[in-house]
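Take a look at the structure set out below.
The values are calculated or read from the model by the stated rules, or taken from the named source; none is laboratory data. This one's a predicted model, so the numbers in the text were calculated from it and none came from an experiment. Here Cβ is always computed from backbone atoms with ideal geometry, including for glycine, and neighbour counts include all displayed protein chains. Ligands, DNA and RNA are excluded from the accessible area calculation, which covers all protein heavy atoms including side chains. Shrake-Rupley method; radii C 1.70, N 1.55, O 1.52, S 1.80 Å.
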Amino acid sequence: MEVVVKSTAPERIKSDVIIVGVQEGTRIRPTNELEKTVQNSFSLGFKGEYCQTCMLNNENLRTRRILVVGLGKQSELGAERIRRSFAAAVQEIKKTKAKKVSVSVLGVNKTKDYDLIKSITEGMILANYSFSKYKTEKPPSISALEIIYSGDIAKANSVVKRTKTICDNVNFARDLCNEPGDSINPVTMVELVRKVARKSGLRMRVISDKDMKRLGLNLILSVGQGSKYPPRLIVLEYGNPSKDATVLVGKGITFDTGGVNLKPSGYIENMKSDKAGAVAVLSAMKTLAELKVKKNIIGLLPLCENMLSSSAQKPGNIVKSYSGITVEVIDTDAEGRLILADALAYAEKNYNPSELIDLATLTGSCVVTFGEYVAGMLTNNDALAKRMFEAGQRTGERVWQLPLYEDYVEEMKGDITDLKNLGYNKGRYAGAITGAAFLSKFVSKPWIHLDIAGTDWFEKPRWYVPSGATGFGVRLLVEYLTKDTI
Ligand code: BES
Ligand code: ZN
Ligand code: ZN
């Protein structure tokens with residue numbers, strides 16, 4: 001969807017539909033035909049309630065179709081409400097098959113102009129998405145959006161351009177994560193990332209299974225050993241990796257069968273999405289490069305297919321990790337923590353980062369705790385967590401901290417090894433926390449773990465998020481790393 005800001009007068013707007021955002025309780029003394037139409041909507045029961053919509057016609061306007069959308073009460077207005085109400089408008093417009101849409105906002109005086117334009121753009125680009133690659137008949141979508149604004153057009157357009165870059169990359173992440181397991185596996189993912197890296201200016205190195213044997217990345221190897229697609233560890237660099245760098249690690253299980261601890265029907269169907277962490281890290285780095293952000297970032301994507309086969313790792317196997325810590329693999333379905341442990345240890349040993357952030361669809365326990373609404377956050381550094389929490393509040397990609405007390409780490413101690421990969425009571429108690437507790441033994445630097453199981457995949461569409469892959473984490477990471485204020 002192309003987006004531009006213009007200062008066109010209402011009578012001159014030439015689109016298929018004009019969307020008018022209206023706050024609840026707005027009173028207008030109409031000075032033009034567009035405002036007259038909005039006033040008409042009031043007599044049809046439209047009140048400007050949050051996400052309320054009403055389609056109208058005005059034969060006196062060049063663009064006859066008007067969709068008014070309620071933004072709710074001024075006291076409750078914020079970025080997320082703007083995103084969601086304009087997303088509601090997009091859903092209405094999709095029903096009309098309109099292609100070119102203009103947006104005008106009446107009576108909004110609380111939110112700053114550029115914030116408003118940013119949130120409208122986000123809500124509309126993100127809501128306009130559908131995963132239609134494999135559909136013969138493509139679903140309707142908007143192709144051009146024009147935002148009507150009378151202030152500094154150049155500044156507004158630069159805000160839109162930046163916002164569009166970020167949101168297009170969220171949609172890119174959704175596309176990748178929605179791809180099935182045989183289409184994206186560790187080997188094909190490397191080729192895909194190579195193209196992305198070359199185009200967006202990221203340096204890339206690939207650690208193959210052979211290299212892993214030499215280096216001792218044995219946890220990644222053991223998770224990948226059951227698959228015909230060998231594991232890979234992709235290392236991406238942006239900026240100067242040896243100067244005050246942030247390490248981003250993303251869990252890249254291209255399909256999680258559970259391995260020998262096979263997942264049952266009902267729990268396995270969407271496990272192509274177990275690469276959501278890796279995809280979010282890739283897409284966030286691509287965004288930062290495209291925005292030319294002055295930051296030093298290292299991205300690590302450990303990629304494995306967790307398969308069930310005669311060569312698959314067995315419960316009870318003992319593996320010496322890259323860091324030297326020995327691990328008993330009690331449950332082959334707790335594979336995410338194994339590959340992340342090696343990747344985190346690799347980052348600490350080979351770089352000198354100032355912080356590490358990992359994103360992983362790590363535990364079903366996190367889904368049980370937060371549903372699809374909030375990601376679990378665990379950390380060894382509360383100051384970083386505070387910043388991440390705030391980035392979550394601003395973007396609507398919310399995170400909530402869980403405690404990482406030493407007691408939980410104790411629960412991960414092995415009987416015959418240093419650690420085991422399953423928490424206490426057969427992993428049933430405090431699963432999201434014990435998963436993070438395991439990881440904590442592989443990091444010493446400031447670190448945040450985000451368990452995005454739940455937020456990465458929606459069973460049904462909501463607001464500006466489609467069902468299926470959500471692209472969660474891209475906007476959160478970009479916000480956290482750029483402390484975006486526009
Ligand atoms: N990929 C899953 C976690 C998951 C579950 C993600 C549901 C999204 C939706 C992970 O590898 C897993 O299977 N974790 C186990 C760990 C357990 C064996 C300790 C789980 O949560 O059941
Ligand atoms: Zn698993
Ligand atoms: Zn998994």
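Between helix 276-290 and the chain, what is the angle of the helix's C-alpha long axis to the longest principal axis, kept within 0 to 90° and rounded to the nearest 10? Result, in degrees: 60.
The angle separating the long axis of helix 79-96 from the principal Cα axis of greatest extent in the chain is about 70 degrees. Projecting the Cα atoms of 201, 359, 180 onto the charge dipole of the chain, computed from C-beta unit charges around the Cα centre, puts 201 farthest toward the positive end. In this structure the amide hydrogen of residue 3, modeled in the peptide plane, comes within under 5 Å of the amide hydrogens of 145, none closer than 5 places in sequence on its chain. Derived scalar couplings between HN and Hα for region 239-245 equal x, 9, x, 9, 10, 6, 8 Hz in order, rounded to whole Hz, by the Karplus curve 6.51 cos²θ - 1.76 cosθ + 1.60 (θ = phi - 60°), x for Gly and Pro.
Counting only C-alpha contacts under 8 Å and six or more residues apart, can you give the relative contact order of region 190-269 as a whole percent? Intermediate values should be presented prior to the final figure.
Details: 49 pairs, mean separation 23.2, N = 80.
Relative contact order, region 190-269: 29 percent.
Ordering 391, 419, 405 by the projection of their Cα atoms onto the charge dipole of region 380-429, which places +1 on the Cβ of Lys and Arg and -1 on the Cβ of Asp and Glu, puts 391 at the extreme positive end. Region 339-436: D in µm²/s via Stokes-Einstein (Kirkwood Rh, Cα pairs, 25 °C, 0.890 mPa s)? Value of D from the Cα-based Kirkwood radius: 166 µm²/s.
Rounded, prolate or oblate: which fits region 128-171 when a ≥ b ≥ c are the square roots of the eigenvalues of the alpha-carbon gyration tensor, with rounded for a/c under 1.5 and prolate only if a/b beats b/c? Because a/c hits 1.5 or more and a/b fails to exceed b/c, region 128-171 counts as oblate. Once backbone amide H atoms are built at 1.01 Å from N, residue 401 has 377 as its partners under 5 Å, excluding neighbours fewer than 5 places away on the same chain. Across the chain, counting alpha-carbon atoms alone, Rg and Dmax equal 24.1, 81 Å. Nonpolar atom fraction for the chain, defined as the carbon and sulfur part of the 1.4 Å probe accessible area, stands at 50 percent. Helix 336-350 and the longest principal axis of the C-alpha atoms of the chain enclose an angle of approximately 80°.
Taking amide H as placed 1.01 Å from N in the peptide plane, the amide H of residue 227 sits under 5 Å from that of 307, each at least 5 places away or on another chain. Evaluating 6.51 cos²θ - 1.76 cosθ + 1.60 at θ = phi - 60° for every residue in region 305-313, the Karplus couplings come out as 9, 8, 10, 10, 7, 5, 9, 5, 5 Hz, glycine and proline recorded as x. Each residue of region 378-395 was assigned a 3J(HN,Hα) from its phi angle through the Karplus expression (A = 6.51, B = -1.76, C = 1.60, θ = phi - 60°), giving 10, 7, 10, 8, 5, 5, 5, 4, 4, 5, 5, 4, 5, 4, x, 5, 6, 8 Hz with x at Gly and Pro.
Could you state the accessible area per residue of the chain in Å², with a 1.4 Å probe and every protein chain left in place?
With the other protein chains kept in place, the chain gives 41 Å² per residue.
Counting only lysines at least 8 places from residue 426 when in the same chain, those with an alpha carbon closer than 28 Å to its own are 251, 263, 272, 275, 314, 320, 413, 441.
Just in region 188-276: which trypsin sites (Lys or Arg not before Pro) are loop by DSSP and have at most 12 other Cβ atoms within 10 Å?
Values: sites: 194, 195, 198, 199, 203, 205, 210, 213, 214, 228, 232, 243, 251, 272, 275; in loops: 228, 243, 251.
When the trypsin sites (Lys or Arg not before Pro) of region 188-276 are filtered for loop state and at most 12 Cβ neighbours within 10 Å, 228, 243 remain.
Restricting to region 250-334, what percent of DSSP beta bridges are antiparallel, rounded to 5? Just about 50 percent of them are antiparallel. Taking the charge dipole of region 1-145 about its Cα centre, with +1 at Lys and Arg Cβ atoms and -1 at Asp and Glu Cβ atoms, the residue from 105, 61, 77 reaching farthest to the positive side is 61.
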